[in-house]
Amino acid sequence: LALHEFFAPALRDMGLERLLQTIEMPLLPVLVDMEWDGIAVDRALFARLAVELTRDLMHLEGKIAQVAGTSVNLNSPKQLAALLFEKLQLPVLKRTKTGPSTDAEVLDQLAELGHEVPRLILEYRELQKLKSTYVEVLPTRINSMTGRIHTSFNQTGAATGRLSSSEPNLQNIPVRTPRGEEIRKGFVPGPGCRFVVADYSQIELRLMAHLSEDPAFIEAFRSGGDIHRQTAALIFGVSLAQVTAEMRARAKTINFGTIYGQGPFALSRQLGISQEEAKAFIAQYFERFAGVRAYLDLQVKLAREHGYVETLFGRRRYIPEINDKNFNLRAFAERTAQNSPLQGSAADLIKIAMVRIHDALQTGGLGARLLLQVHDELVLEVSEGEVDSVMALVKRHMEGAAQLKVPLVVDVGSGPNWLEAKR
């Protein structure tokens, strides 16, 4: 009661009562059910993966020693630095208090320069992380009574409003590598069931089109098709048929880069072009999408004036560093001001969808259960006979979570494990 009396006026003053009552509180029973239900994993697959990763790591250790001409402890930054910068005489790109840095960014840059040992070390680290963070740990988190893994979903864990997952974190299961995909394959539904996986397509870009009201961006989404190809056609001033794979790749990089306030330096690194070229490319992009530029600038202005920015549904992100004297802090705050309304609105949308799907499954007498939420993706466990009707229901509620100036699009799949359902 004391907390209520303290917080209720603050919620009113910040205009957050509606958000609390219409999104966050209705989500509570949904998350309780998800945590209680848990998710099953294939123990045999994880045991096989552990053996394979151990073998692959030993092979990599041998290969690195062979190429480098000596063996070192790959988990010792000091020995690695001595190998890379003293024995192999590679250029020192960054220093820490203890000496030359051997972090992922440095190894990545050295690998891009054509050096094989840094590339092999990156591969080693990736496999080691898969083994120690997921393959060895997840089977130990299986509850002895339920035979399933039960994560905790945190509503207040992220400043953007996104849900986070902990003990264990099931939101960062890797997908970008074949080995990472194998881990997703290890998540399986119960007997007689399949997974249904539904994913918002390019949700933050669609929100950017809606919030910025940029006519060219809105039209690109409304006309359907490939947004990156259409963006490329607009930027480069060519027809859709003339867009090359490289043009599309560049347009895709800058489309997502705008969301995170990417500058010429970061873009030049990603595209492998000079900073001058990247600068010109960004200028060209914002010339074509002037509404996007105006929207991003407005968010920084609002943050400076009010100290916060807001999502579509009134969720606030306070950014006190926006007026800081330190340039780096201020620049980070500006990027945060530009990105938070997009990430936060996406978080709110999927929460609304989760509440509606949970209610619809119960009122419809369906046995399907929501198990996981991973950013823009939902994973459900569905009995074989209900798959088609649940896929239609989930798609309808996710796409209808809000009425935007561009269509919300959801990709839905089903399969015998998380990986196959996602495909």
inquiry  = For the pair Asp42/Ser71, report the inter-label distance in nm, with labels modelled 7 Å from Cα in the Cβ direction.
reply    = 3.4
Modelled FRET efficiency - R0 25 Å, Glu136 with Lys97, Cβ distances, 0.05 increments = 0.20
task = Treating cross-link reach as a plain straight distance, find the lysines whose alpha-carbon is under 26 Å from the alpha-carbon of Lys422, omitting any fewer than eight places away in the same chain.
result = Lys129, Lys131, Lys185, Lys252, Lys351, Lys395
task = Please work out the Cα center distance from the range 344-372 to the range 252-272, rounded to the nearest Å.
result = 34
request  = Would you mind calculating the gained length between Ser274 and Tyr260 on full extension (0.36 nm times residue separation, minus the Cα-Cα distance), in nm to one decimal?
outcome  = 3.0 nm
ask   = How many angstrom separate the Cα center of the range 37-57 from the Cα center of the range 126-147?
value = 8
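Leaving out ligands and nucleic acids, and using a 1.4 Å probe, what accessible area per residue does the range 314-367 come to in Å²?
Accessible area per residue: 44 Å².
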message = Under 16 Å between alpha carbons, and skipping anything fewer than 8 positions from Lys279 in its own chain: which aspartates and glutamates qualify?
response = Glu287
task = Over the range 107-203, give the accessible area per residue in Å² for a 1.4 Å probe, as an integer.
result = 45
ask   = Fully extended, how many nm does the chain gain between Ser201 and Ala249 (0.36 nm per residue separation, minus their Cα-Cα distance)?
value = 15.6 nm
note = Contour minus Cα-Cα span, Leu3 to Ala159, at 0.36 nm per residue, comes to 54.0 nm
request  = Taking only the C-alpha atoms, wrap a convex hull around the chain and report its volume per residue in Å³ as a whole number.
outcome  = 190
key: Of the DSSP H helices in the chain, those whose Cα atoms cover at least 15 Å axially and whose Kyte score averages -1.0 or more   = 2-13, 25-37, 43-68, 116-129, 245-259, 275-288, 290-306, 327-363, 387-399
ask   = Hey, any idea what Rg/Rh is for the range 146-256, computing Rh the Kirkwood way over Cα pairs?
value = 1.09
inquiry  = Using a Cα-Cα cut-off of under 22 Å, which lysines could be cross-linked to Lys97, ignoring same-chain neighbours fewer than 8 residues away?
reply    = Lys78, Lys87
task = Provide the packing ranking of 55-65, 247-257, i.e. peptides ordered by the mean count of other C-beta atoms within 10 Å per residue, highest first.
result = 247-257, 55-65
query = For the range 317-378, what does the equivalent ellipsoid look like in terms of its semi-axes, each the square root of 5 times an eigenvalue of the Cα gyration tensor, given largest first in whole Å?
reply = 39, 9, 7
key: Shape metrics for the range 49-146, restricted to C-alpha atoms - Rg then Dmax, Å   = 15.8, 56
key: Förster radius 22 Å - calculated FRET efficiency between Glu52 and Arg125 (Cβ-Cβ, nearest 0.05)   = 0.85
query = For the range 283-398, what is one quarter of the convex hull surface built on the Cα atoms, given in nm²?
reply = 9.9
query = Over the range 308-371, what percent of the accessible surface lies on carbon and sulfur atoms, probe 1.4 Å?
reply = 48
ask   = Considering only protein heavy atoms and a 1.4 Å probe, what is the carbon-and-sulfur percentage of the accessible area of the range 96-196?
value = 50
message = Testing the spin-label approximation: label points 7 Å from Cα along Cα→Cβ at Glu181 and Ala294. State their distance in nm.
response = 4.4
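The values are calculated or read from the model by the stated rules, or taken from the named source; none is laboratory data. Note that the coordinates shown come from a computational prediction; the quantities given were computed from them, not determined experimentally. No Cβ is skipped: glycine too gets one built from the backbone with ideal geometry, and neighbour counts run over all protein chains shown. Note: areas computed on protein heavy atoms with side chains; ligands, DNA, RNA excluded. Shrake-Rupley method; radii C 1.70, N 1.55, O 1.52, S 1.80 Å.
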